[in-house]
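Below is one structure, written out as structure tokens; the observations come after it.
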Amino acid sequence: MGRKRKATNVNSRAATLKKAKATTGTTTTTTSTASSSSTTAVAAGTTAPTVTSAALKEYPYTKDYDMKGPAILFFRRLQSKYGGKKSTPKLQGDLCEEITEHIGGDVEPWDIKTVLKLNDQAAGGNDKEITLRLADGILRGGLPRCPKCFGGRLRYGRPKWEIRPYKGKAKRDSPLKGRERFHCPGYFDDDHYVNCTFEALDGIDRLPWKYP
């Protein structure tokens, strides 16, 4: 009788362990699948609600962009809040202020430059310049390559050479001088600088803005 009871207890304990092991395996598989889905969602550039903070902590870097999770969510919030709205000086000012407030916190200057590069935009300049460029892209869309030289990246605003002189580059006389406009600063072909004088007030089709 004692042996039978002992065998029953052993069998019961073995069944419990087997059940627990099976349950643990299922949980692990589910977690792994969820994490994999979250990573794919970040890399694919889907909307922010599909990516949880926990998933981003587990996978702080995406496959395609060298950017931390908080910065990714920050750019998505900006896109959701401002993207597609009609651009006004006040709206652009609010957007620039919001970006500036978060520099050094959720987002670093190199994060902004990464998004600019993702959209094939000029990524050089100080914090103020890249912030203005990011805000312009979110509100109006990306700028295409220059339709005249095909190598330069178009910019919008008053050209630098009009505001202050540069070494080896004199200010250009232009009928549009003093006005904000599309302009091409030229580009480098290997080590050789190729000058371009393209300028226009309108007629440039913006490109859809991409974000991580």
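If you take the residues in region 152-195 that are closer than 25 Å to residue 134 by Cβ, surrounded by fewer than 17 Cβ atoms within 10 Å (Cβ to Cβ) and hydrophobic (A, V, I, L, M, F, W, C), which one is modelled with the highest pLDDT?
In this case the residue turns out to be 188.
Would you check if residue 76 is basic (Lys, Arg), within 26 Å of residue 203 (Cβ to Cβ) and either in a helix (DSSP H, G or I) or in contact with a His (Cβ under 7 Å, 6 or more places away or on another chain) (or both)?
Judged against the criteria, residue 76 is not a match.
Could you tell me which residue of region 121-151 is nearest to residue 204 (Cα to Cα), considering only residues that are surrounded by fewer than 20 Cβ atoms within 10 Å (Cβ to Cβ) and among the acidic types (Asp, Glu)?
In this case the residue turns out to be 129.
Can we say residue 198 is surrounded by fewer than 18 Cβ atoms within 10 Å (Cβ to Cβ) and touching a Cys at 6+ places or on another chain (Cβ under 6 Å)?
Yes.
The values are calculated or read from the model by the stated rules, or taken from the named source; none is laboratory data. Only a predicted model underlies this, so the values are computations on that prediction, with no experimental measurement involved. FYI the Cβ positions are ideal-geometry reconstructions off the backbone, even for glycines, and counts take in every protein chain you see.
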